[in-house]
Structures are given as C-alpha cells and as structure tokens.
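Each reported figure results from applying straightforward, stated rules to the coordinates on display, with no laboratory input. None of the values given here were measured: they were computed from a predicted structure. Every residue, glycine as well, gets a Cβ built from its backbone with ideal geometry; the counts of neighbours run over all protein chains shown.
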Amino acid sequence: MRRDFHEPGLRDDPALRADPLADATIARILGPGRPGGPDTETIAVLNKEIARWQLNGDLDGWRASPGLPAEMAAALEDYVAKARVLPDWADAARIARSEVLFMDMSMASCTLLFCASLPQCYVIPDLAAVLHAAGELEQHTDYRVRATAAMIFPVMMHGGLLDPAGGGVAQAIKVRLIHAMIRHLVLRGDVAEALVAPRRLPPLHLPTFARGGTMHQVLYAHGWDIDRLGLPCNQQELAYTLLTFHYVFLHGLRRLGLGLDKGDEEAYMHTWNVLGCVLGIEPGLMADTMTDAARMFADIQTNARGQARKPDPRPALAGALVATMQRYIPLRLLKPFPVLLTRHLVGKDATRDLGLDGHVSLLSRALFVLGFSLVRGIDAIGRLVFPGFSISRLVTRILGYRLTAKLLMDETRPLALPATLLNEVSDAMRAWHNDDKAPRWMNAIERRFTGRAMPDARQG
C-alpha cells in the first residue's frame with residue numbers, strides 16, 4: 001500500500017511522476033475527462049496526424065496538416081519541436097558502434113526480444129495490467145510483438161537516431177505521445193489534475209464500455225488506484241521497460257555464452273539511454289553500466305512483487321506470447337523450447353511470476369538441458385581453434401530467423417513502418433544469409449534449417 005501522496009517527499013516517488021511534456025500536450029488536445037467516455041473522434045484525428053511522423057527528417061520544422069483543429073495543431077507543433085531534440089551528451093561514435101553490434105547479432109537479437117526482453121517486461125504487475133485491460137496480448141499477441149519491433153528496428157538500424165533518413169526519433173516521439181494518451185484515458189482526464197487529490201477510479205460497467213469495446217473505451221473504463229499503484233506508465237515503469245531492451249538483452253547474450261566486451265555493452269546501453277531521453281524518461285533513472293543496471297532491475301522487480309494483483313494478469317500475457325512462438329516450431333518435441341529458453345534467460349523468480357513454471361515433458365526438458373550443456377562445452381573447445389566458433393549463436397540465429405520471418409516480415413502483414421524503413425529491414429534480413437563469424441559448414445546447416453537458398457556469389 002502506498003503512503004499518503006501528501007506526505008513530505010512522496011512527490012519524489014518515480015511511480016508518481018510521468019511525462020510533463022507529453023501529458024500537457026495530450027491534455028491540450030483531449031481536454032478534461034468526459035462522463036460519456038473518451039472523445040474517440042478527436043483521438044482518431046490525432047492518430048492520423050501523428051502517423052505522418054515517419055522519418056527523422058519529417059520532424060524538421062514540422063507543421064500540422066491544414067484544417068486540423070487549431071489547439072491540436074499548436075499543441076503538436078510545440079511537442080515535436082521539443083521532443084525531437086537529442087540530449088547534448090549523445091555520443092555519435094558509441095551510437096554507431098551499437099548499430100553495428102545489433103546488426104551483427106541479427107537474428108539472435110530477435111530471439112532475445114521474444115524470449116527475454118518481452119517476458120521480463122510483463123513481470124511488473126501494473127505494466128501487465130494496462131496491456132491486459134486492452135486485451136492487447138491475449139487477443140493480439142503478434143500485433144504487440146510487431147509494434148515493439150517497429151520501434152526497435154528503426155532505432156538500431158544504421159542512422160536510426162542521427163540520420164534524417166532514419167526513423168528512430170520519429171517512432172519514439174510517437175510512442176511517447178501514445179503513452180501519454182494511455183495515462184489520460186486510464187485516469188479519465190489530465191494527469192496533473194489527477195495528482196492534486198489522489199483517488200481510486202472505480203471500473204465503469206456501462207454497456208458501451210464492455211470488454212468488447214475499442215481499446216480506448218476499455219482503458220477508460222478499466223479503473224485505477226493511484227494511491228496504491230502510482231500513475232499508469234509512470235517513470236519507474238518506463239525506466240524498467242528501457243532496462244528490458246538493453247540490460248536484459250545484454251544479460252541474455254551472456255547467458256547464451258555470446259556476451260560482449262565491456263566497452264561494447266556500454267555503447268549499446270548508451271544508445272538506448274539516448275532513446276530513453278527521447279521517450280521522456282528522466283536521465284536520473286537510467287543506468288550506464290551493467291552493474292548499475294542489474295541493481296536497478298532487481299530493485300524494481302522486488303518492489304513490484306510486493307504489489308500483488310488479483311486476478312494476476314501476467315500468466316495470461318506470458319502464456320499468449322509463448323503460444324505465439326510455439327506456432328512456428330515445427331516438431332512437437334521441440335515446441336516446449338520457447339518456454340525452456342525463456343526460463344533459462346529470465347531466471348526462476350520471473351518464471352514463477354509469469355506462470356511459466358508449469359509441467360514440461362521430461363524428454364523435452366532433458367533434450368534442452370543436455371543440448372544446452374553440450375553446446376556450451378563444444379563452443380568453449382571450438383573457440384580455442386576458431387575464435388568465432390559458436391553453435392549457440394547458430395541455434396539462436398535459426399530460431400530468430402523463423403520467428404522474424406513469420407512474425408515480423410510476413411508479406412501479408414508488413415510491419416507498420418514507412419516504405420523506406422520497411423525496405424531497409426527487408427534488405428537487412430537478406431544480408432543475414434551468412435554469419436561472417438561462422439565456418440561455411442555452419443552456414444550450410446543454418447540454410448538447411450531456415451529453408452533459405454544458398455546466397456548468390458555476388459552477395460558474398
């Protein structure tokens with residue numbers, strides 16, 4: 001139970017801080033809460049307008065569309081001018097290095113997204129509750145995964161944050177404003193006003209707000225207890241989410257025996273911290289080293305575990321994510337592997353939080369454990385002769401390719417990205433046909449299990 005908001009020093013609680021710039025922008029556009037529900041027409045116009053933010057260069061001197069309501073136009077123009085600015089400590093060389101690292105990890109990066117970063121994101125009950133309220137993961141898991149990838153790829157591809165032709169900044173300020181819209185809907189009005197007198201907003205049971213309604217209606221009707229839960233999408237939760245995209249990713253590489261050196265890890269964290277500033281996360285809530293990140297990550301999870309929810313939304317969300325991955329595993333014996341790999345990457349406590357500690361067949365578990373141990377042993381020996389040798393890398397590339405091709409690059413459901421960026425993602429995937437660090441026979445095995453043809457000699 002949170003203490004009284006008016007106690008001295010409680011305003012320093014990051015769970016009671018959000019994003020003043022984005023929240024004020026949304027308050028200017030949507031106005032005070034409406035007894036009849038959210039202003040869906042205004043929200044539709046707003047969503048259409050921010051969809052214009054596609055490339056970083058689009059933000060230079062951005063102006064609202066003719067005919068847009070004057071207050072919305074002024075609010076969005078003010079927001080873009082301020083939100084698009086990178087922090088003055090952004091280091092171009094470190095950002096460029098992290099881009100190379102991400103592309104070098106290629107399909108292994110996608111495996112860690114599915115089996116580590118996203119599952120850890122759902123460990124925090126309040127984050128899970130917002131997703132659960134909208135039914136986003138149980139009903140539309142692949143949509144949520146694809147939406148996440150639609151931000152990660154633009155950020156981590158070449159020039160994502162620094163080049164006008166990149167899309168990282170444009171995608172980030174869109175996500176930041178969507179977070180503010182979620183807060184406004186859940187709190188049924190301006191965040192600043194909600195904090196004047198913390199209160200519990202009871203769920204609305206009107207027929208128009210039934211679970212079958214739109215996402216905006218469901219969020220509006222969900223109800224929220226600020227005193228107990230803090231603000232939705234608050235600074236602590238945003239900082240934790242950022243940790244899942246750099247610390248959890250890097251820790252996952254270590255768990256797979258693919259860890260980077262200290263300088264590369266910190267370059268990767270630096271890039272995501274730059275993005276964090278663009279997303280409206282306070283710099284004081286970011287970690288620059290793996291040691292600091294591990295401490296912050298553990299503290300936030302420990303605090304979150306003391307805020308039990310009934311019913312607990314996390315198992316349903318994690319189960320939906322795992323089930324989505326299992327659809328693309330061809331053999332029945334191997335279908336438990338996404339669960340087993342996720343358990344290995346997130347640890348026992350998170351596994352229990354997510355309800356992923358259920359029964360798995362003895363044969364599948366034995367195959368996973370023996371296979372993983374054997375791979376680590378062979379890798380250690382193989383690297384004595386071939387420094388780039390790694391069966392672990394091969395396996396994660398194969399799994400990552402299958403998930404990427406099916407979930408992210410299905411031509412019938414392209415990622416929600418500008419055509420230019422979508423083409424870059426497609427080109428990047430084609431460039432992943434060979435692992436430059438692996439011998440030819442390992443690349444041949446990879447092609448066999450991914451169903452890709454041998455690359456043209458002109459492609460390397």
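Mind ranking 223-230, 271-278 by how tightly packed they are, going by the mean number of other C-beta atoms within 10 angstrom, highest first?
Going by the mean number of other Cβ atoms within 10 Å, highest first, we get 271-278, 223-230.
Can you order the peptides 83-89, 164-170, 311-317 by their average number of other Cβ atoms within 10 Å per residue, highest first?
Per-residue mean Cβ counts within 10 Å order the peptides as 164-170, 311-317, 83-89.
Please state the shape class of segment 164-204: rounded when a/c is under 1.5, otherwise prolate if a/b exceeds b/c and oblate if not, all from the C-alpha gyration tensor.
Prolate shape, in that a/c is at least 1.5 and a/b is the bigger ratio.
Would you mind getting me the FRET efficiency between Asp288 and Arg352? Use the beta-carbon distance for r and R0 = 30 Å, nearest 0.05.
About 0.50, to the nearest 0.05.
Please arrange Ser390, Ser361 by counting, for each residue, the other beta carbons lying within 10 Å of its beta carbon, fewest first.
Ser361, Ser390
Taking Rh as the Kirkwood radius, which is the inverse of the mean 1/r over Cα pairs, what is the Rg/Rh value for segment 205-294?
Using Cα coordinates only, the ratio equals 1.17.
Whole-Hz Karplus ³J(HN,Hα) for segment 60-73, in order, using 6.51 cos²θ - 1.76 cosθ + 1.60 and θ = phi - 60°, x for Gly and Pro?
Along segment 60-73, the couplings run 5, x, 4, 10, 5, 5, x, x, 5, x, 4, 5, 5, 4 Hz.
Please report, in debye to the nearest 20, how large the charge dipole of segment 175-287 is about its Cα centre when each Lys and Arg carries +1 at its beta carbon and each Asp and Glu carries -1 there.
The dipole magnitude comes to about 440 debye.
Starting from the amide H of Leu201, placed 1.01 Å from N in the peptide plane, find each other amide H under 5 Å away whose residue is 5 or more places distant or on another chain.
Trp224, Asp225, Ile226
Work through the residues other than Ile26 whose Cβ is under 15 Å from its Cβ and net out their charges, Lys, Arg +1 and Asp, Glu -1.
Once positives and negatives cancel, what remains is -2.
What order, most packed first, do the peptides 114-120, 188-194 have when packing is the mean number of other Cβ atoms within 10 Å of each residue?
Those peptides, ordered most packed to least, come out 114-120, 188-194.
What is segment 243-311 by shape, rounded, prolate or oblate, if you read a ≥ b ≥ c off the alpha carbon gyration tensor as root eigenvalues and call it rounded for a/c under 1.5, prolate for a/b larger than b/c, and oblate otherwise?
It comes out oblate by the Cα gyration axes.
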